[in-house]
Amino acid sequence: MNKDIKAYDSVLDLIGETPLIKLSTTTAHYTGEFFAKVEAFNPGHSSKDRIALHIIEEAERKGILKPGDTIIETTSGNTGFSIAMVSRIKGYDCILAVSSKSSADKIDMLKSMGAKVYVCPAHVSADDPRSYYEVAKRLHEEIKNSIYINQYFNELNIEAHYKSTGPEIWEQTGGQITHLVACSGTGGTISGTARFLKEQNPNIEILGVDAYGSVLKKYHETKEFDAEEIYPYRIEGLGKNLIPTATDFESIDYFVKVKDEDAAHMARKISQTEGLFVGYTSGAAMQAVKLLNDEGRFDKNSKVVIIFPDHGSRYMSKIYNDQWMQDQGFFDSKSTATEQHIEY
Ligand code: PMP
């Protein structure tokens, strides 16, 4: 008897259609119902798979990109990994210009996916020829048949989520979603998802999450860029020190800022209580939900969808490392120390 082979052509077929999972423990005492859109189920373990695939396939469709061409981006984070993964499968060279601040683990991850990594000095200004922005720009000019993804200023970043994340959430909630809570970095996720959801129901509230040390919330409220808002912070991938054009500020109703320490503890709590091993910004999004709940933003009929952007494995040497938590002073006021490490 001939049986059909049930196999995917490649991991690219597994991008998107991530599950919506009801939260119970963390939100037990909150008002409303809460659901996590868990983007770690993408094959590259983050929401950035969606934009990497969409931007690359749009370039192919327009005839800008042909096999053997080169894809360039400035990132050591999730976007870099996703672009490297898609490039590998589709037969492109991938060059990533990253800051020397990036951890060795992250750089090794990018190399494991076949990317060529330019490690550029972290201490120089953005317009210095050695900065990773300038290095990427120069490589793009020098390498014939290359494209520069430039996720912070690429409208296709928004479109990727408008076409996938938004419709998935609408379908998965049977159109009952009342609030979306999502982190804003480039702004692509929240803007694209919001645009789609607001077209279906303009009453859905779009709640953005920003970091202390970032300019986004203030800019949203005043339309002014306030450099005084900027200072170093720990959460990676959330907030920004410039205004990205991949953020549609009009589509966002309200921004909440969260603290590094609270977001780290919340991520650890989600892992420990929900059995969902999530990244730092998932903790940030959940901390925002806690603050919004305390403000009385939700009622008993609220159906709140929270985007969890990536997987906890990316943060083993940070928020899931007790020594790192200790070094940041995060164990001073409250503790999610596991007390599970027993030398015997
Ligand atoms: N969380 C993480 C871990 C990220 O890497 C990013 C992307 N910078 C975000 C959240 C925010 O997503 P977006 O860039 O679509 O705003």
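The values are calculated or read from the model by the stated rules, or taken from the named source; none is laboratory data. Computed from a predicted model, the values in this text were never measured in an experiment. Quick reminder, even Gly has a Cβ in these numbers, built from the backbone with ideal geometry, and neighbours come from all protein chains shown. When the accessible area is computed, the model is the full protein with side chains, heavy atoms only, and any ligands, DNA or RNA have been set aside. Shrake-Rupley method; radii C 1.70, N 1.55, O 1.52, S 1.80 Å.
General observations
- Helices (runs of 4 or more DSSP H) fully within region 106-186 counting 1 or more residues that are open to solvent by 20 Å² or more (accessible area, probe 1.4 Å) and more than 16 Å from the ligand (Cβ to nearest atom): 132-142, 165-172
- Among the criteria (1) crowded, with 20+ Cβ neighbours inside 10 Å; (2) within 21 Å of ARG234 (Cβ to Cβ), the one SER99 does not fulfil is (1).
- Residues located in region 44-65, provided they are of a type outside the set (Asp, Glu), more than 16 Å from the ligand (Cβ to nearest atom) and farther than 16 Å from TYR148 by Cβ: ARG61, GLY63
- One residue alone among LEU291, LEU242, LEU238 is open to solvent by 30 Å² or more (accessible area, probe 1.4 Å) and under 20 Å from ALA194 (Cβ atoms), and that residue is LEU291.
- Condition met for ARG297 (in contact with a His (Cβ under 8 Å, 6 or more places away or on another chain), open to solvent by 60 Å² or more (accessible area, probe 1.4 Å) and among the basic types (Lys, Arg)): yes
- Residues of region 66-91 that turn out to be more than 16 Å from the ligand (Cβ to nearest atom), in contact with a strand residue (DSSP E or B) (Cβ under 9 Å, 6 or more places away or on another chain) and either of a type in the set (Gly, Ala, Ser) or at pLDDT below 95 (or both), as a count: 2
- Pairs, first free of Cβ contacts under 8 Å to residues at least 60 places away in the same chain in region 72-97, second among the basic types (Lys, Arg), C-beta under 6 Å, six or more apart: SER76/LYS106; SER82/LYS48; ILE95/LYS116
- Residue check for GLU250: out of contact with any Asp or Glu (no Cβ under 6 Å at 6 or more places or on another chain) and open to solvent by 40 Å² or more (accessible area, probe 1.4 Å): yes
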